[in-house]
1. Hand me the chymotrypsin sites (Phe, Trp or Tyr not before Pro) from region 75-157 located in a DSSP loop with no more than 15 other Cβ atoms within 10 Å, in residue order please.
2. Hey, got a sec? Which trypsin sites (Lys or Arg not before Pro) in region 62-115 land in a DSSP loop and have at most 12 other Cβ atoms within 10 Å?
Amino acid sequence: MRRMLFKSLVHGPLTEIAPAADDVALAELGAQVDRAARRRLGRTLFIREVDAGSCNGCELEIHALNNVLYDLERFGLRFVASPRHADVLLVTGPVTTNMREALERTYHATPGPKWVVAVGDCARDGGVFSGSYACVGGVSAVLPVDLHIRGCPPPPIVLLKGLLALLETVQSDGNGSMEAVRTAGRASGSAGDSVPNRDPKLSQSV
């Protein structure tokens, strides 16, 4: 036991070195997202994260946005507990059969205008789970997707860039309502209608 303790003191733990934080680039990117949100929405951006059946890899990167290194809320972006308070649904993982109804109900509970962001390769087309009997497929098989963020999993910086790309495509129609320019043609419907499937050509990826 003493030998093990001494060895651990001399050699130190066998862990990976933390990546160097690019504070300047992060602060600039976060400020751009905040300015875009206030310019387009007139306020900060509220995000609701939905795990539709992921391996939790993407969740770890999303959770990192709230740690002391990235600190998402200092840029005016925040995660909310209820979809009724959200502007953006951040959906991860392939949509499992068991989660399909929950995802649809979350979408209907989110007030408009709203946008859906599919995070990760699995959310794009099912990823390694594509074709499984337990999965419906990617998020676009269930909900109209405004933006795909590639990666397995995408790092926090890429997630921020994706949110900025989404906000940059949003414009006002002059009546106070907003729409995503590159995803025009979203099928309209009341909260009781079935969820429309958007043409994949109308959604964008980062």
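1. Y133
2. Working: sites: R74, R78, R84, R100, R105, K114; in loops: K114.
Within region 62-115, no trypsin sites (Lys or Arg not before Pro) qualify (loop, at most 12 other Cβ atoms within 10 Å).
None of the figures in this text is laboratory data; all of them are computed from the coordinates on show. Computed from a prediction, not measured in an experiment: that's the story for all the values here. Every residue, glycine among them, receives a Cβ derived from its backbone with ideal geometry; neighbour counts consider all protein chains shown.
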